[in-house]
Structures are given as structure tokens and as C-alpha cells.
Amino acid sequence: MMGQIRFYNYPIKSYFFLFLTIVIFSISSFILILYNPDNAEIILLSFLYFCLASFIIWENYNKKHIIEFTHPIVFYSFLWSIPFGIIPLFIVFTKEPQTYLPKSYMYIDLIPTSQIIAIVSLLFLYLGFKFYNLISPYRSSEKTFDKKTWNNYLFYFTLFLMLFLIILEILYLIERNAFILGYVEDLSEHKPSVLSYFLALFGYDRISIFYLVGPLLITLIHFSYNQNKILRYILFILVLFNIFISFISAQKERIALTLIAIFFYFYYYTRDKNKLQKKENIIIIFIFAFLILFPYFNEYRLALNLGMDLEFILRNPDLIFENINLESFSYIFQRFDHLNTTLSVIGQTPTFIDYKMGITYLKGLEALLLVLPFTRKSEDFGLFNNTFAREYNLVEPFDYYSGITLPQFAEIYMNLGFYAVPLGMFLIGILYSYIYNLINSSNPKVVYN
């Protein structure tokens with residue numbers, strides 16, 4: 001049944017703010033084009049992306065009265081603004097553009113193409129999200145916090161599973177001496193054990209079930225709203241302990257996922273919505289603090305990877321601080337930069353490398369399912385996309401650990417080409433909308449009826 005279309009009456013000042021934002025972007029782009037007319041196309045596309053992202057964020061803010069960072073479309077609006085909006089502007093106004101394109105400088109002429117694909121992708125992601133909201137009879141509504149909504153057995157199961165996964169992780173870190181050497185021991189030399197294969201599914205690899213459902217498990221526990229304070233304290237201790245072992249073993253992905261779980265809790269499982277904006281401000285402060293401290297964390301991680309133990313690093317703090325300068329903070333942009341990987345994919349596909357025709361998706365599925373010793377090769381033990389990272393010369397040929405993080409549209413292009421990107425992103429938008437409505441529903445079981 002087609003859902004009824006809802007029209008939102010936003011305040012006049014809200015429309016004025018959106019109009020003012022677009023005017024500012026337009027004037028800024030005009031000034032920059034006058035200053036650098038040779039790169040007018042890149043400048044215009046950057047500001048076109050900013051305008052589209054601003055509209056999406058503006059719409060979300062007017063409905064929620066907060067900037068909902070965990071909203072999938074808002075999240076990608078922010079995430080892709082760095083590689084396809086900000087960094088291209090840095091490139092055209094710097095004397096050393098290769099600094100921002102260490103692996104794909106030879107494809108610098110394809111920056112406008114990558115920006116067009118990013119804009120089209122964000123637009124169709126948004127349209128797919130909206131389309132599902134129109135056709136779905138199950139609308140997201142304000143949550144009720146009836147503890148009977150979720151069965152208590154689910155609460156105990158998720159709590160036990162979190163504890164079980166953390167214990168497994170500690171055992172694995174001890175087995176690989178990871179508290180001293182970090183967790184980046186060369187996987188091509190590492191000898192897998194029964195425990196390592198078990199952890200491949202339940203909590204070590206980024207493709208593991210834990211990384212995929214961990215934040216959801218935490219939010220389910222919170223959502224159950226069990227009044228047993230002892231169990232809630234246990235959960236709180238587990239989360240803190242998870243952050244602690246992530247820091248000392250330099251596992252930034254696990255730290256990020258814990259923060260994502262906290263975001264989900266604040267946005268979707270908070271009783272008092274009036275206090276949500278204050279909590280959001282606190283979270284934003286923590287995010288900026290993390291970004292400022294990120295270069296120091298990266299240096300600490302590098303020291304661990306070089307074989308220095310924690311005690312030695314604490315006795316010699318200069319090892320961390322002496323190499324930090326303004327250039328070190330550009331590493332933050334590089335970590336969130338999808339521009340290099342996208343340019344390499346576009347530049348080499350299909351000219352030098354044929355379309356994958358779905359192989360990357362099958363490879364990811366294989367990495368999740370085939371974990372037995374006789375089916376798991378050393379080069380595939382880590383990230384499933386490491387193979388493709390080496391094929392596109394984004395990592396060294398002998399590097400069997402590092403991987404690439406492709407935006408969804410780049411992987412669609414890698415498999416099926418440009419014309420499949422709009423349809424693929426539209427379908428992904430529908431999937432995100434379904435999940436988002438499930439999260440926001442007071443009774444998620446209704447979705448399956």
C-alpha cells in the first residue's frame with residue numbers, strides 16, 4: 001500500500017537559512033573561479049556537492065531539530081564532502097597537488113569525473129531513501145520504551161555475546177603478543193590457529209560478524225531498558241574495557257565503532273529528547289578532540305608496529321611528539337580520503353583492468369564464509385579487499401595486510417561501470433531506509449509481518 005506523502009511546514013527563517021547558504025556557496029565559487037579560471041569545472045562541482053549536501057542536512061535538521069549524524073544520508077553527505085568537495089579545492093590551489101594524490105596523481109584529470117559520480121551517487125542514495133519512505137506502510141515513529149517490546153532473553157543473549165567476544169579478543173591479543181607489537185604482525189607470516197579462525201568470524205577482522213553487528217548489539221541492550229542496575233553497570237564496564245584494550249593495542253576501528261554505538265544510543269534510545277541536543281554538542285566536542293589527537297594516536301600506533309613496547313614508549317614520550325607538525329594533521333584528511341582510490345578505479349577500469357562483474361561482492365562473501373584452514377589463504381586472511389588494493393597499485397605488492405576502503409559507488413563502478421551507479425545507489429538508499437525505519441520503529445517486529 002502506498003504511504004501517504006507528508007508535507008512539512010518548515011519555518012520561514014529555515015528556508016531563508018538554506019537560501020543564504022546556497023548564495024554564500026555561489027558567491028564563493030564565483031570568486032574562486034575568477035582567481036583560478038583554469039579549474040572552474042572542479043570548483044563548480046565542489047560547490048554543487050556542497051549545495052546538495054547542505055539541502056540534505058538542512059532537511060534532516062528541520063525534522064529532528066538536531067543534525068542526525070547517524071542518519072545514513074547525512075553521514076555520507078559529510079563523509080564524501082572531504083574527498084570530493086574539500087580536497088579537490090586544496091588540489092587546485094596548491095603548488096604541490098601530488099601531496100593529496102600520492103597514489104593516483106597520474107589520474108588528476110579525472111577529478112571532475114569522480115566528483116560527478118559522487119554527486120550522482122549522493123542524489124540517488126537520497127532518492128532511494130525517500131522512495132522507500134513513500135511506498136512503505138511502516139513509518140518510523142517516536143519510540144516507546146516499554147521494556148516488554150524486546151524479550152528479556154535477547155537482552156541476556158546480547159550481553160553474554162559482548163562479554164564472550166571481548167574475552168576472545170583478549171585471548172587472541174595475548175596469543176599474538178599484540179599488547180606489545182600492536183596487531184599488525186605480517187599476516188603472510190602469521191600461522192593461523194583454531195582461535196584465529198574463530199576470531200575471523202567473531203571479532204578480529206573488520207569483516208567479522210562483531211564489526212558488522214557489534215553496535216547493533218549494544219543498542220539492543222540499551223533499548224531493552226532493563227531496570228537491573230547491576231547488568232547496566234556490567235555493560236558500561238564492558239564498553240569502557242573495550243575502549244581501553246583498543247587504545248593500548250592501537251585498534252582505531254574498534255574505537256570508532258564504539259563511538260558509533262554511543263551515537264546510536266543517544267539518537268534513537270534516549271528517553272528525554274529535550275536533552276539530546278546538549279548530548280550532541282558534547283559528542284561533537286569529543287569528535288573534534290579525537291581529530292586533534294588523531295596524529296598522536298597514529299604515531300603511537302606506528303611505534304607499536306615498529307616493535308616498541310608500551311613501557312618503552314611511556315619512558316620516551318618524545319617518540320610520539322617530536323614528529324608531530326602541521327603536515328601531520330593532513331593525515332586526518334588522508335584517512336577519510338576516497339579520492340585516491342576512486343581515481344585509481346576510474347583511471348584503470350576498464351582501460352587496463354576489466355570490470356569485475358560482481359567479483360568483489362563474492363570475494364567479501366567468501367571471506368565471511370570460508371574460514372577453514374584449507375580454504376583460507378594467507379593473502380586473504382585479512383581484509384577481503386587487500387587483493388584489489390594490490391591490483392590497483394594502492395598498496396605495495398608485498399603488503400598482505402593493508403586494504404582500501406572504497407565508497408559504494410566506486411565499487412559499483414569497478415564491477416559494472418558508470419551507468420550502473422545510479423541504480424545501485426538507489427537500491428542502497430532503499431536498503432538504508434528500511435534499516436533506518438527498523439531502528440526508529442517502536443516495535444521492529446511489525447516490519448516482518
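The values are calculated or read from the model by the stated rules, or taken from the named source; none is laboratory data. The structure presented is a predicted model; accordingly, all values stated were derived computationally and were not measured. We place every Cβ from the backbone using ideal geometry, glycine too, and count neighbours over all the protein chains shown.
Flag: Phe47 does not match the condition of being on the phi < 0 side of the Ramachandran plot, surrounded by fewer than 18 Cβ atoms within 10 Å (Cβ to Cβ) and not acidic (Asp, Glu).
Quick one: in the stretch 403-427, of everything that is outside any helix (DSSP H, G or I) and either in contact with a Gly (Cβ under 8 Å, 6 or more places away or on another chain) or crowded, with 16+ Cβ neighbours inside 10 Å (or both), which residue is modelled with the lowest pLDDT? For the stretch 403-427, the residue satisfying everything is Gly403. Restricting attention to the stretch 1-32 and to residues that are touching a Leu at 6+ places or on another chain (Cβ under 7 Å) and surrounded by 12 or more Cβ atoms within 10 Å (Cβ to Cβ), the residue that is modelled with the highest pLDDT turns out to be Ser29.
Of all the residues in the stretch 62-106, those that are without any contact (Cβ under 8 Å) to a residue 60 or more places away in the chain, closer than 23 Å to Leu20 by Cα and surrounded by fewer than 17 Cβ atoms within 10 Å (Cβ to Cβ) number 5.
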